[in-house]
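Peer 1: Can you read through this structure? Questions will come right after.
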Amino acid sequence: MEFFCGLDVSIDETAVCVVDDKGHVHLETTVATDPEMIRAALKPFLPRLRRVGHEAGSLSPWLHPEMLALGLPVVCLETKHVRAAMSAQRNKTDKADALGIAHIMRTGWFRAAYVKSEEGYRLRLILTQRRALKRKFLDLENTIRHSLKVFGIRLGRVSRGQFDAAVREAVAQDALTRDLMEAMMRAKAALWEEYVRLHKLVVKIVAGHEICRRFLAIPGVGPVTALSVMTAIDDPSRFRRSRDVAAYFGLTSRRWQSGTSIDVQGRISKAGDPDVRRALYEAASAVLTRFRGRDRLRSWGLELAKRSCHRKATVAVARKMVVIMHAMWVDGTFYCGDATASDEERAMHAARRLKDHLGALA
């Protein structure tokens, strides 16, 4: 007899359920969310415990490696698969979810989620906090603009460097509003200072990472895009083909087919990390609209835009861009827009592009 375990993990407590290969329940309990406590609860079943499953969540980067180190045959499950498998449940409770996950592990109808390395999560955290500061900064700037509209003051198109001066000039005659706007602008300036500090840290990390430096040779790819893709892929060997990476980031179209009469090719799936997909789209848009050099990727995208539209062409360029980046990582090659160039020319081209890019960021 073999046993299968399901864990419904929350911040403080974890519901544990163990079933056998016939589906009979042998254990239902709740323990503290701690690897040692979970292992202690499963100790009677360890010799014949085949799989332990838990959903991917905020605690997975810490909990999953810890349970593996304790010798538990743990599997991190894709959240969408688990949700779909248990959607027929009448009542949703932690106990019922643990039982459902245990049956999923017993039947084998699941897809394992990849748990990234600790270094990947640390680098990813820098990008997350950088984005959070930028959003808060823009929120304060938009709040100031909206507040001034009450008095009929419309700033219009004002550069970031001239924004504070324009606001002070607009409220110079009103003491109360002037003090209020000064407080908001001081808070905005503090956020901008910390945002710039984190952005410089991102540039420093990218400059010292060999893979990211090679990614920067692609037109439109900046430090944020390079680091986002590198940390999201983490291990390039987990993808059998480079084109699978495009589907992983949700840049391939959905399909709905049934019988011979229904076969619909929809919009992109938007699966995976939205921040990576957004960074790739921005990089592709920069290639098509701002880059002025000769490049095969840009030429291909512009031809596609003539036949279709700019938005679809941008998505297609983003999809091809991430496929190229993964292939470069696996093969150890350098990017060059000219397919006839030699390896030495490609390396020189990449080094020159990197030098220009980092010089502009300094």
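Peer 1: Please go through (1) touching a residue at least 12 places away in the same chain (Cβ under 8 Å); (2) over 21 Å from C5 (Cβ atoms); (3) among the acidic types (D, E) for E169 and return the number of the only condition it doesn't satisfy.
Peer 2: Condition not satisfied by E169: (1).
Peer 1: Moving on. Could you tell me whether A313 is buried (at least 18 other Cβ atoms within 10 Å of the Cβ), closer than 30 Å to Y121 by Cα and in contact with a helix residue (DSSP H, G or I) (Cβ under 8 Å, 6 or more places away or on another chain)?
Peer 2: no
Peer 1: Could you tell me which numbered condition S237 fails, if it satisfies all but one of (1) in contact (Cβ under 8 Å) with a residue 40 or more places away in the chain; (2) in contact with a His (Cβ under 9 Å, 6 or more places away or on another chain)?
Peer 2: Just one mismatch for S237, condition (2).
Peer 1: Check every one of the helices (runs of 4 or more DSSP H) wholly within segment 132-241 and list those with 2 or more residues that are at pLDDT below 95, out of contact with any Ser or Thr (no Cβ under 8 Å at 6 or more places or on another chain) and over 30 Å from L297 (Cβ atoms).
Peer 2: Of the helices (runs of 4 or more DSSP H) lying wholly inside segment 132-241, those with at least 2 residues that are at pLDDT below 95, out of contact with any Ser or Thr (no Cβ under 8 Å at 6 or more places or on another chain) and over 30 Å from L297 (Cβ atoms) span 163-170, 175-207.
Peer 1: Let me ask something additional. Of everything in segment 232-290 that's closer than 20 Å to I211 by Cβ and aromatic (F, W, Y), which residue is nearest to the chain's Cα centre (by Cα)?
Peer 2: F249
Peer 1: Same structure again: Output the residues belonging to segment 243-267 that are surrounded by 10 or more Cβ atoms within 10 Å (Cβ to Cβ), among the hydrophobic types (A, V, I, L, M, F, W, C) and over 29 Å from V330 (Cβ atoms).
Peer 2: V264
Peer 1: Please go through segment 276-310 and pick out each residue that is basic (K, R) and either touching a Ser or Thr at 6+ places or on another chain (Cβ under 9 Å) or closer than 20 Å to V245 by Cα (or both).
Peer 2: Those that are basic (K, R) and either touching a Ser or Thr at 6+ places or on another chain (Cβ under 9 Å) or closer than 20 Å to V245 by Cα (or both): R277, R278.
The values are calculated or read from the model by the stated rules, or taken from the named source; none is laboratory data. Everything quoted here is computed from the prediction, not taken from an experiment. Cβ coordinates were reconstructed from backbone atoms using ideal geometry, including for glycine residues, and neighbour counts include every protein chain displayed.
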